[in-house]
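Trainee: One structure follows; several queries about it will come next.
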Amino acid sequence: MTIIIGRREAGTQSAGVVEGYPATAQRWPSRLQRRPLTASELSGPQAVLKRLPPVRGDLAGYGAKRALGQLMHLQVRIVDEDGAPVPGAVVEIWHCNAAGKYIHANDTHDAPADPNFYGAARVVTDADGTILLRSIKPAAYPVPDSGHWWRPPHVHLSVWGRVWLSRLVTQMFFPGEPLNESDRILQAVPDAEARARSIARLRPPAQGPEDALVFEHEIVVRGRSVSPAMP
Ligand SMILES: [Fe+2]
(Lines give C-alpha, C1' and ligand atoms only; values in the text may rest on other atoms or scores of the structure.)
Protein backbone atom coordinates (compact mmCIF):
# COMPACT_ATOMS: atom_id res chain seq x y z
CA MET A 1 0.00 0.00 0.00
CA THR A 2 1.21 3.50 -0.82
CA ILE A 3 0.00 6.59 0.94
CA ILE A 4 0.70 10.23 0.14
CA ILE A 5 1.48 12.53 3.02
CA GLY A 6 2.71 16.00 3.72
CA ARG A 7 5.76 16.97 5.77
CA ARG A 8 6.66 14.52 8.52
CA GLU A 9 8.99 15.12 11.46
CA ALA A 10 10.61 11.69 11.81
CA GLY A 11 12.02 12.19 15.30
CA THR A 12 8.73 13.15 16.85
CA GLN A 13 6.60 10.58 15.08
CA SER A 14 6.02 6.89 15.57
CA ALA A 15 8.35 4.46 13.83
CA GLY A 16 5.30 2.97 12.17
CA VAL A 17 5.27 -0.79 12.51
CA VAL A 18 5.80 -1.42 16.22
CA GLU A 19 7.63 -4.62 17.14
CA GLY A 20 5.48 -6.88 19.26
CA TYR A 21 2.30 -5.11 18.23
CA PRO A 22 1.08 -7.00 15.12
CA ALA A 23 -1.88 -4.72 14.39
CA THR A 24 0.45 -1.84 13.53
CA ALA A 25 1.63 -3.67 10.40
CA GLN A 26 -1.88 -3.25 8.98
CA ARG A 27 -2.12 0.37 10.04
CA TRP A 28 1.07 1.52 8.41
CA PRO A 29 1.71 1.86 4.65
CA SER A 30 4.63 -0.05 3.14
CA ARG A 31 5.77 3.03 1.22
CA LEU A 32 5.52 6.76 1.87
CA GLN A 33 5.49 9.61 -0.62
CA ARG A 34 5.58 13.29 0.21
CA ARG A 35 3.65 15.98 -1.61
CA PRO A 36 2.33 19.44 -0.78
CA LEU A 37 -1.32 19.89 0.05
CA THR A 38 -3.45 21.47 -2.66
CA ALA A 39 -5.37 24.72 -2.31
CA SER A 40 -8.72 22.90 -2.37
CA GLU A 41 -7.58 20.61 0.42
CA LEU A 42 -6.56 23.58 2.52
CA SER A 43 -9.74 25.55 1.81
CA GLY A 44 -12.21 22.72 2.37
CA PRO A 45 -15.29 22.81 4.61
CA GLN A 46 -14.88 25.68 7.01
CA ALA A 47 -17.73 25.15 9.40
CA VAL A 48 -16.52 21.98 11.10
CA LEU A 49 -18.76 22.62 14.07
CA LYS A 50 -21.89 22.56 11.90
CA ARG A 51 -21.10 18.96 11.01
CA LEU A 52 -19.62 17.95 14.35
CA PRO A 53 -21.61 19.63 17.11
CA PRO A 54 -20.03 19.82 20.56
CA VAL A 55 -20.78 17.13 23.13
CA ARG A 56 -20.53 17.94 26.81
CA GLY A 57 -17.04 17.85 28.24
CA ASP A 58 -18.01 15.85 31.30
CA LEU A 59 -17.18 12.18 31.10
CA ALA A 60 -17.53 11.56 34.82
CA GLY A 61 -21.07 12.66 35.44
CA TYR A 62 -23.26 11.39 32.66
CA GLY A 63 -25.55 9.24 34.80
CA ALA A 64 -27.39 9.96 38.03
CA LYS A 65 -24.14 9.25 39.87
CA ARG A 66 -20.63 10.02 38.85
CA ALA A 67 -18.41 7.40 37.26
CA LEU A 68 -16.31 5.09 39.41
CA GLY A 69 -12.67 5.99 39.80
CA GLN A 70 -10.36 8.85 40.64
CA LEU A 71 -11.98 12.11 39.63
CA MET A 72 -9.77 14.34 37.50
CA HIS A 73 -9.94 17.71 35.83
CA LEU A 74 -8.05 17.84 32.58
CA GLN A 75 -6.93 21.10 31.00
CA VAL A 76 -5.62 20.74 27.45
CA ARG A 77 -4.18 23.67 25.52
CA ILE A 78 -3.80 23.54 21.75
CA VAL A 79 -0.94 25.64 20.36
CA ASP A 80 0.87 26.15 17.08
CA GLU A 81 4.61 25.91 16.46
CA ASP A 82 5.22 29.27 18.12
CA GLY A 83 3.25 28.41 21.24
CA ALA A 84 0.37 30.64 20.15
CA PRO A 85 -3.09 29.35 21.14
CA VAL A 86 -5.37 27.77 18.52
CA PRO A 87 -8.90 28.99 19.30
CA GLY A 88 -11.96 27.35 17.74
CA ALA A 89 -10.33 23.93 17.26
CA VAL A 90 -12.66 20.95 17.64
CA VAL A 91 -11.17 18.47 20.11
CA GLU A 92 -12.54 14.95 20.44
CA ILE A 93 -11.53 12.96 23.51
CA TRP A 94 -12.06 9.33 24.41
CA HIS A 95 -10.63 6.97 27.00
CA CYS A 96 -11.49 3.81 28.91
CA ASN A 97 -13.10 3.65 32.33
CA ALA A 98 -11.47 3.04 35.72
CA ALA A 99 -11.45 -0.71 35.02
CA GLY A 100 -9.78 -0.42 31.62
CA LYS A 101 -12.95 -0.94 29.55
CA TYR A 102 -13.94 1.17 26.53
CA ILE A 103 -17.52 1.82 25.50
CA HIS A 104 -17.01 0.16 22.15
CA ALA A 105 -18.30 -3.07 20.62
CA ASN A 106 -14.77 -4.12 19.66
CA ASP A 107 -13.45 -3.98 23.22
CA THR A 108 -13.21 -7.64 24.27
CA HIS A 109 -11.38 -6.95 27.54
CA ASP A 110 -13.01 -8.88 30.38
CA ALA A 111 -13.57 -5.83 32.57
CA PRO A 112 -16.80 -4.25 33.83
CA ALA A 113 -18.52 -1.37 32.06
CA ASP A 114 -19.61 1.63 34.12
CA PRO A 115 -23.16 2.89 33.42
CA ASN A 116 -22.24 6.35 34.71
CA PHE A 117 -19.22 6.74 32.45
CA TYR A 118 -19.79 7.99 28.92
CA GLY A 119 -16.24 7.69 27.60
CA ALA A 120 -16.09 10.41 24.93
CA ALA A 121 -16.58 14.14 24.44
CA ARG A 122 -16.28 16.77 21.73
CA VAL A 123 -15.46 20.32 22.78
CA VAL A 124 -14.12 23.51 21.23
CA THR A 125 -11.05 25.42 22.36
CA ASP A 126 -11.65 28.88 23.81
CA ALA A 127 -9.80 32.08 22.94
CA ASP A 128 -6.79 30.77 24.89
CA GLY A 129 -6.77 27.52 22.88
CA THR A 130 -7.88 25.59 25.96
CA ILE A 131 -10.47 22.93 26.74
CA LEU A 132 -11.54 21.80 30.20
CA LEU A 133 -12.75 18.31 30.94
CA ARG A 134 -14.12 16.58 34.00
CA SER A 135 -13.53 12.86 33.97
CA ILE A 136 -12.09 9.94 35.89
CA LYS A 137 -8.56 8.71 35.49
CA PRO A 138 -8.53 5.79 33.03
CA ALA A 139 -6.94 2.47 33.96
CA ALA A 140 -4.32 0.42 32.16
CA TYR A 141 -5.57 -2.42 29.96
CA PRO A 142 -4.06 -5.44 28.18
CA VAL A 143 -3.57 -5.33 24.41
CA PRO A 144 -5.59 -8.29 23.16
CA ASP A 145 -3.67 -9.33 20.04
CA SER A 146 -0.12 -8.84 21.28
CA GLY A 147 0.74 -11.40 23.93
CA HIS A 148 1.39 -10.00 27.36
CA TRP A 149 1.73 -6.25 27.40
CA TRP A 150 -0.44 -3.57 28.82
CA ARG A 151 -1.18 -0.06 27.71
CA PRO A 152 -0.54 2.51 30.45
CA PRO A 153 -3.41 4.83 31.39
CA HIS A 154 -3.89 7.26 28.50
CA VAL A 155 -6.36 9.59 26.84
CA HIS A 156 -6.97 9.67 23.08
CA LEU A 157 -7.36 13.10 21.49
CA SER A 158 -8.26 14.21 17.97
CA VAL A 159 -7.77 17.86 17.09
CA TRP A 160 -9.53 19.34 14.06
CA GLY A 161 -8.40 22.64 12.64
CA ARG A 162 -10.43 24.86 10.37
CA VAL A 163 -10.35 22.47 7.40
CA TRP A 164 -10.90 18.75 7.18
CA LEU A 165 -7.29 17.88 6.40
CA SER A 166 -6.07 19.81 9.41
CA ARG A 167 -6.31 17.01 11.93
CA LEU A 168 -3.98 15.55 14.55
CA VAL A 169 -4.79 12.33 16.40
CA THR A 170 -2.62 11.72 19.44
CA GLN A 171 -2.56 10.31 22.97
CA MET A 172 -1.90 11.87 26.35
CA PHE A 173 -0.13 9.90 29.07
CA PHE A 174 0.02 10.37 32.84
CA PRO A 175 3.20 11.21 34.77
CA GLY A 176 4.86 8.60 36.96
CA GLU A 177 3.17 5.58 35.38
CA PRO A 178 5.58 2.59 35.29
CA LEU A 179 3.90 1.21 32.17
CA ASN A 180 4.88 4.33 30.22
CA GLU A 181 8.41 2.92 29.94
CA SER A 182 7.25 -0.28 28.27
CA ASP A 183 4.40 1.07 26.17
CA ARG A 184 5.10 0.17 22.57
CA ILE A 185 3.01 3.06 21.25
CA LEU A 186 4.77 5.75 23.30
CA GLN A 187 8.22 4.17 22.95
CA ALA A 188 7.83 3.95 19.16
CA VAL A 189 8.50 7.71 19.10
CA PRO A 190 12.31 7.99 18.77
CA ASP A 191 12.74 11.47 20.24
CA ALA A 192 12.79 11.51 24.06
CA GLU A 193 11.61 15.11 24.25
CA ALA A 194 8.68 14.33 21.96
CA ARG A 195 7.74 11.42 24.26
CA ALA A 196 8.02 13.70 27.28
CA ARG A 197 5.70 16.22 25.61
CA SER A 198 3.07 13.47 25.40
CA ILE A 199 2.95 13.18 29.19
CA ALA A 200 0.65 15.52 31.11
CA ARG A 201 1.74 17.53 34.16
CA LEU A 202 0.18 17.00 37.56
CA ARG A 203 -0.99 20.25 39.12
CA PRO A 204 -2.21 20.99 42.67
CA PRO A 205 -5.56 19.28 43.37
CA ALA A 206 -8.80 21.14 42.68
CA GLN A 207 -10.12 23.27 45.51
CA GLY A 208 -13.77 23.38 46.48
CA PRO A 209 -16.52 20.74 46.68
CA GLU A 210 -14.73 18.34 44.34
CA ASP A 211 -11.40 16.94 45.41
CA ALA A 212 -10.09 16.08 41.97
CA LEU A 213 -6.66 15.46 40.54
CA VAL A 214 -5.76 18.19 38.07
CA PHE A 215 -3.68 17.51 34.96
CA GLU A 216 -2.42 20.02 32.41
CA HIS A 217 -1.43 19.10 28.90
CA GLU A 218 -0.31 20.89 25.76
CA ILE A 219 -0.69 19.71 22.18
CA VAL A 220 1.43 21.28 19.44
CA VAL A 221 -0.32 20.90 16.11
CA ARG A 222 2.58 21.53 13.76
CA GLY A 223 6.25 22.44 13.40
CA ARG A 224 9.45 20.91 14.81
CA SER A 225 7.85 20.31 18.21
CA VAL A 226 4.64 18.83 16.83
CA SER A 227 2.98 16.34 19.16
CA PRO A 228 3.47 12.73 18.06
CA ALA A 229 0.60 11.32 16.02
CA MET A 230 -0.74 8.23 17.78
CA PRO A 231 -3.90 6.62 16.45
FE1 LIG B 1 -6.52 3.36 24.18
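The values are calculated or read from the model by the stated rules, or taken from the named source; none is laboratory data. Quick caveat, the model's predicted, so the values are computed rather than measured. Cβ sites come from the backbone with ideal geometry, for glycine too, and all protein chains shown count toward neighbours. Each accessible area value is taken on the protein alone, full model and side chains, heavy atoms only, with ligands, DNA and RNA left out. Shrake-Rupley method; radii C 1.70, N 1.55, O 1.52, S 1.80 Å.
Trainee: Pick out, from GLY88, GLY57, PRO138, the residue whose Cα sits farthest towards the positive end of the charge dipole of the chain, with +1 on the Cβ of Lys and Arg and -1 on the Cβ of Asp and Glu.
Mentor: GLY88
Trainee: Follow-up question, since we're still on this one. Give, in whole angstrom and from largest to smallest, the semi-axes √(5λ) of the equivalent ellipsoid of the chain, with λ running over the eigenvalues of the Cα gyration tensor. If you can, show how the numbers build up before the last one.
Mentor: Numbers: eigenvalues 150, 106, 60 Å².
Computed over the chain, the values are 27, 23, 17 Å.
Trainee: Kindly state, to the nearest 0.05, the FRET efficiency for GLU210 paired with SER158, given R0 = 25 Å and r defined as their beta-carbon distance.
Mentor: Efficiency, from the Cβ-Cβ distance: 0.40.
Trainee: Any chance you could list P(r) for the stretch 150-231, counting all Cα-Cα pairs in 10 angstrom bins from zero, rounded to whole %?
Mentor: Taking all Cα pairs of the stretch 150-231, the binned fractions are 16, 46, 27, 10, 0 percent.
Trainee: Could you give the dipole magnitude of the stretch 191-231 about its Cα centre, charging the beta-carbon of Lys and Arg +1 and that of Asp and Glu -1, in debye to the nearest 20?
Mentor: The dipole magnitude comes to about 260 debye.
Trainee: Here is a further query. Express the carbon and sulfur contribution to the solvent-accessible surface of the chain as a percent, rounded to the nearest whole number, probe 1.4 angstrom.
Mentor: Details: 6770 of 12340 Å².
That share works out to 55 percent.
Trainee: Leaving out ligands and nucleic acids, note down the accessible area per residue over the stretch 122-183 with a 1.4 angstrom probe, in whole Å².
Mentor: Counting only protein heavy atoms, the per-residue value for the stretch 122-183 is 41 Å².
Trainee: Set Lys and Arg Cβ to +1 and Asp and Glu Cβ to -1, take the dipole of the chain about its Cα centre, and tell me which of GLN13, LEU74, LEU37 lies farthest positive.
Mentor: Comparing the listed Cα positions along the dipole, LEU37 ranks first.
Trainee: Restricting to DSSP H runs of at least four residues, report the calculated mean residue ellipticity at 222 nm for the chain, -39500 (n - 2.57) per run over all residues, nearest 500 deg cm²/dmol.
Mentor: Numbers: 4 runs with 18 residues, N = 231.
Calculated from helices alone, the mean residue ellipticity at 222 nm is -1500 deg cm²/dmol.
Trainee: Another question, if that's okay. What is the magnitude of the charge dipole of the stretch 96-231 about its Cα centre, with +1 placed on the Cβ of each Lys and Arg, -1 on the Cβ of each Asp and Glu, and no other charges, expressed in debye to the nearest 20?
Mentor: For this selection, approximately 420 debye.
Trainee: Next question, about the same structure. Residues of the stretch 211-231 with the amide nitrogen closer than 18 Å to a label point 7 Å from the Cα of ALA10, along Cα-to-Cβ, please.
Mentor: In the stretch 211-231, the label zone of ALA10 (backbone N under 18 Å from the point 7 Å along Cα→Cβ) covers 223-226, 228-229.
Trainee: Identify all lysines with a Cα-Cα distance to LYS101 below 22 Å; exclude those on the same chain that are fewer than 8 residues away in sequence.
Mentor: Correct list for LYS101: LYS65, LYS137.
Trainee: For GLU181, project a label point 7 Å along Cα to C-beta. Then give me every residue of the stretch 140-170 with its amide nitrogen under 17 Å of that point.
Mentor: Answer for the stretch 140-170: 149-153.
Trainee: While we're looking at this one, here's another question. With labels modelled as points extended 7 Å from the Cα through the Cβ direction, what inter-label distance (nm, one decimal) is found for LEU165 paired with ALA84?
Mentor: 2.1
Trainee: Show HIS217, HIS104 ordered by accessible area, largest first, where the area counts protein heavy atoms only and the probe is 1.4 Å.
Mentor: From most accessible down to least: HIS104, HIS217.
Trainee: Using just the Cα positions, wrap the stretch 71-110 in a convex hull and report its mean projected area in square nanometres, one decimal place.
Mentor: Computed as one quarter of the Cα hull surface, the answer is 4.6 nm².
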